[in-house]
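The values are calculated or read from the model by the stated rules, or taken from the named source; none is laboratory data. Just so we're clear, the structure is a prediction, and the values are computed from it rather than from any experiment. Quick reminder, even Gly has a Cβ in these numbers, built from the backbone with ideal geometry, and neighbours come from all protein chains shown. Just so you know, the surface numbers come from the protein's heavy atoms only, side chains and all, with ligands and any DNA or RNA stripped out. Shrake-Rupley method; radii C 1.70, N 1.55, O 1.52, S 1.80 Å.
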Amino acid sequence: MEPAGTALAHLMRQRMCPLVMLMATPRAEQTSRKNELGIVELLRPFCVLDQIDVPVRTASELPYRLQDFELRMFYAADIAQPSSEVAEDYLVECVGNASDEAAAALKGDPKEIEVVKEMVESETQTSWFQKYCRDYMRTLAFSEHEAIDHPVLCLLIVSSKDEYPLSRFVDLYNPDSMPALMKDGATDPNVLKHFVLLHDIQDGPLEEANTIFMEMQNTFGVNNCGILSINSGSVDSDLPPDDVWTGIILQPIVASSVESKQVGDAKVSKKRPGLCLNKSDVAEISDFVVDLTLKQIIPHMEQKIRMLNQQVSATRRGLKNQLKNLWWRKGKEETSDVQAGGQYTFSSMESQIRVLADYAFMLRDYDLALQNYRLLSSDYKTDKAWKRYAGVQEMIGLCLFMMDLSRRESEISLESAHNVYQKCGGFTTKYATRTLIWLSEMHKARGHFREAASVLFRAAMLKVDGGQGMSLRAGVFLEQSAYCYLSVSPPMLRKFGFHMVLAGNRYTVCSQRKHALRVYRSVLSIFEGQGWKYISDHVHFHIGRLSHFLGNHDVAIFHFMKLVTCSHQSVANQSNFLREFLYIVENTVGKDQVLELELPIINTERVHVHFEDHRTYSSSSAAAEAESVWSALEEGLTPSVAVPLHTWLDAPKSLALAIDFNVCIAGEEIGVDVEFSNPLQIPIDVSSVSLTCEFDDGNSNKPEFLGKPCRADTTQGALDSSEDQSLNHIEDNPGLSSGAMDVDSAPTVHLPEEVFQLQAGERTVVRLKAKPLREGIMKVIGVRWLLAGIAAGHRDFTISGPQITKSKTGARSIPSPIQRLKFHVLKHTPRLEVSMHELPTKVNTGELHRIVLELYNPSKMSVKRIKFKTSHPNVLLVGKAGDLDMESPSCLEVQAGQEGRHELKQVDIAELKNSHSVFSFPEVGDLQRKTPMHTVCVVKFLYLKLTCV
């Protein structure tokens, strides 16, 4: 790419163009303020001239043509270099104002590296950094060591309604109101002047103004005068001119300047700029600026260059003049730059050469400019005027770049300028940063992105006094350095991520939260899932905290959830992450939002289901009794069920049917064993732990979801009370089944809650229960809980079924979710609970004991035809219900029997010996709901099995 088409050339044309100093009367300013614009703001959009095609001839006889040109326009009061503190505050405000614009360039998911690359290449991302560079260089303008910022022309503007307009022109150019550069002698006060009469159409016709204008021409010269009429339109105009002012209004650096007051007034009014102008006024303003540039400024600069070039050629060029100059300088006393700064007034030969070189540079005669910069370089080096020497070296590097000559020499010149600026110290060190900006843009223009990244990193690490501004400047340059590494082919992703994290840290220190959030989000694709745990945690932590500060609470919670399971962090960091996460949740969403929490860790694949189908709850040894013993007892009590026969051809079908769903009874409690583990090194409290279910009773269009964490405080009590009301309703109407109840009012599933604490690294299995209360289809979805009583979490179970091999191809199908957590709930059935009281732990052979057998019906239906069976009927004697109140039942009374033996008084021994193992309770003994029945049994040795049919 040609140097003239690069971003560096564009930046130089904006920064190094002729400066016009403007001085106006208050009445003229008031006329312009009708449009919510000062005079400088009114003229500034038209200071960029395109397609002018003007011929220029400087020192050579061969002219060249300029196709575009720019001007800078400032009030005389604003031509002053701000202090370091004011400049840093201005830059901080500029970067803060650009945060939304920079964030708009990041479109899409930042986890995709292509999205980040598109952001880097976007015009928006480039423009805000270029704007920062221009603002940074504005804070360094109006220095005494360079003539780029010396006014080329002074524009004096007087209103046609001012009293004695001609005398007002004289009063405007008052030495007391001149810039500090002119007062100190660094700039020639006798600059070219142009006198302008500003007429407000709303104040009257143009004839009176034309009369004043003719007097001006007679006094100041025809070519030095101009007239400008504005405010021909109205606020209610149907065809207002295009708004060309909003995007180019410069924010003032000094708060007390004239421009700052006008910008402040414009922010308060919030009206459209240019509201009293029409299209003819805009065209007249544009023609005025073009004529001023082509007929005044450029010819004046050409004439000045030719005149100064002749003087320099006569006094400094040639062998004789060079030896004379060297001899004269060697005789001078060695002085430092600070001491020698006052000797270079605007009339000194060195200052005249600098003006010649800078004028030639602004008119793009880079060859002539380079010759004079090199001539000055040796003079300043001999005089030890180091700041001026560095400024000349800086311009030599830029000239070589624009001429596309020795690349190495241009880089060496800029490096030399950087080193000298840095050695000068103080405020001059900021010029070293400017030099590195030029050098980095030079490397970018040549495609040397790796070298540009290194230069920007050096700029970020420069130690410049500036407080918060120093960290902010470092953040900006570190971010741009990272983008350079991303532009290298192939991209250097790790260096990009590293520098972006450093930039984010600097932005955070400067409270630039939007910029910090943007750069941290840009590196998610670099560190996510790459094994770099600590830097990934750093990114997630800052994204979460910054999002919370900026009001994006959902994003903050999402990123903090990535941190609460960081087992590799220290105990202090784990506590800090968990505390901040709980604080954000408590102060934003609370318990109302269900989160996909990863703490505690839940093994969602290993889930075990338990039914209430145990044969005995008495002891583990009884439960472990051989199956044959229980099968013998169940014979004759349970009805026989025909078992369908299947061949090996039916195996896949039978397997699919077997895992379809389970069957349970309404009112039966289902237990699900879930494994919880704590990966942290600190204990955590887990409460309100319960299952979440879907229940479909067939009466509604969609299943009902039960167990939402948002109802953790109210759901449990509502279910309990509803269950009691439902049971009471059945109790009052025993003929009603569960299907006959009011579906809307009756509860569906009762979900008890558990509370426990997990110690550091602890792993435990908790049995969670669900009790369906109506018939239908119940499906256990997952588990929900409250972490520390604040954050509501929920996890779905991810159970996969067995893989089934296809018979033809042998390929395995994708496992479908297993249906073992799906239950077909049948209507209520009887339920009988049996317990034995007064059962001794030890007995002697032949010893008699009374045992109370208690039958209890907790179900909603009556129990009839109750039977029980024992494996040893010859040792069991059933008593009467009246014996429960007797201290010694009558059946235990003995009498003298045959052969001197003692026998039971009211028992037929022969009948006892021939008694059956099955005993049927009488019909009067039918159990109603929640009604106990007691029976007295006398046993020698009893092993009892009860079954309800």
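Which residues, taken from segment 382-395, are open to solvent by less than 10 Å² (accessible area, probe 1.4 Å) and closer than 29 Å to residue 4 by Cβ?
390, 391, 392, 394, 395
Out of everything in segment 688-709 that is open to solvent by 30 Å² or more (accessible area, probe 1.4 Å) and of a type in the set (S, T, N, Q), what residue ends up being modelled with the lowest pLDDT?
The qualifying residue modelled with the lowest pLDDT is 701.
Considering only segment 843-862, state which residues are open to solvent by 40 Å² or more (accessible area, probe 1.4 Å), closer than 22 Å to residue 832 by Cα and among the hydroxyl-bearing types (Ser, Thr, Tyr).
856, 862, listed by residue number.
Of the conditions (1) open to solvent by 10 Å² or more (accessible area, probe 1.4 Å); (2) at pLDDT below 90; (3) assigned to a helix (DSSP H, G or I), residue 379 satisfies every one except a single condition; which number is it?
Going through the list (1) open to solvent by 10 Å² or more (accessible area, probe 1.4 Å); (2) at pLDDT below 90; (3) assigned to a helix (DSSP H, G or I), residue 379 breaks only (1).
Quick one: count up the residues across segment 34-68 that are within 15 Å of residue 245 (Cα to Cα) and either open to solvent by 50 Å² or more (accessible area, probe 1.4 Å) or of a type in the set (Asp, Glu) (or both).
4
What are the pairs with Cβ atoms under 6 angstrom where one residue, in segment 778-798, is open to solvent by 10 Å² or more (accessible area, probe 1.4 Å) and the other, located anywhere, is of a type in the set (Ser, Thr, Tyr)? Sequence gap at least six, or different chains.
Correct list of pairs: 781/692; 789/687; 795/604; 797/604; 798/604.
When segment 290-346 is examined, which residues are found to be in contact with a Ser or Thr (Cβ under 9 Å, 6 or more places away or on another chain) and at pLDDT 90 or above?
The answer is 301, 302, 305, 306, 309.
Do the conditions hold for residue 432, that is, is it among the small types (Gly, Ala, Ser), modelled with pLDDT under 95 and over 19 Å from residue 391 (Cα atoms)?
No.
Considering only segment 358-369, state which residues are open to solvent by less than 10 Å² (accessible area, probe 1.4 Å) and free of Cβ contacts under 8 Å to residues at least 60 places away in the same chain.
If the condition is that a residue be open to solvent by less than 10 Å² (accessible area, probe 1.4 Å) and free of Cβ contacts under 8 Å to residues at least 60 places away in the same chain, then 369 is the only one that fits.
Given (1) open to solvent by 80 Å² or more (accessible area, probe 1.4 Å); (2) modelled with pLDDT under 75; (3) under 23 Å from residue 669 (Cα atoms), where does residue 827 come up short, assuming only one miss?
Condition not satisfied by residue 827: (2).
Could you tell me which of the residues 546, 578 is in contact with a Lys or Arg (Cβ under 6 Å, 6 or more places away or on another chain), open to solvent by less than 50 Å² (accessible area, probe 1.4 Å) and of a type in the set (A, V, I, L, M, F, W, C)?
Details: 578 fails: in contact with a Lys or Arg (Cβ under 6 Å, 6 or more places away or on another chain).
The unique qualifying residue is 546.
So, residue 398, is that one farther than 29 Å from residue 57 by Cβ, within 42 Å of the chain's Cα centre (by Cα) and surrounded by 22 or more Cβ atoms within 10 Å (Cβ to Cβ) or not?
Working: farther than 29 Å from residue 57 by Cβ: no; within 42 Å of the chain's Cα centre (by Cα): yes; surrounded by 22 or more Cβ atoms within 10 Å (Cβ to Cβ): yes.
It is false that residue 398 is farther than 29 Å from residue 57 by Cβ, within 42 Å of the chain's Cα centre (by Cα) and surrounded by 22 or more Cβ atoms within 10 Å (Cβ to Cβ).
Evaluate the following for residue 514: is it open to solvent by 10 Å² or more (accessible area, probe 1.4 Å), touching a residue at least 40 places away in the same chain (Cβ under 8 Å), out of contact with any Lys or Arg (no Cβ under 6 Å at 6 or more places or on another chain) and farther than 11 Å from residue 559 by Cα?
Numbers: open to solvent by 10 Å² or more (accessible area, probe 1.4 Å): yes; touching a residue at least 40 places away in the same chain (Cβ under 8 Å): yes; out of contact with any Lys or Arg (no Cβ under 6 Å at 6 or more places or on another chain): yes; farther than 11 Å from residue 559 by Cα: yes.
For residue 514, the condition - open to solvent by 10 Å² or more (accessible area, probe 1.4 Å), touching a residue at least 40 places away in the same chain (Cβ under 8 Å), out of contact with any Lys or Arg (no Cβ under 6 Å at 6 or more places or on another chain) and farther than 11 Å from residue 559 by Cα - is met.
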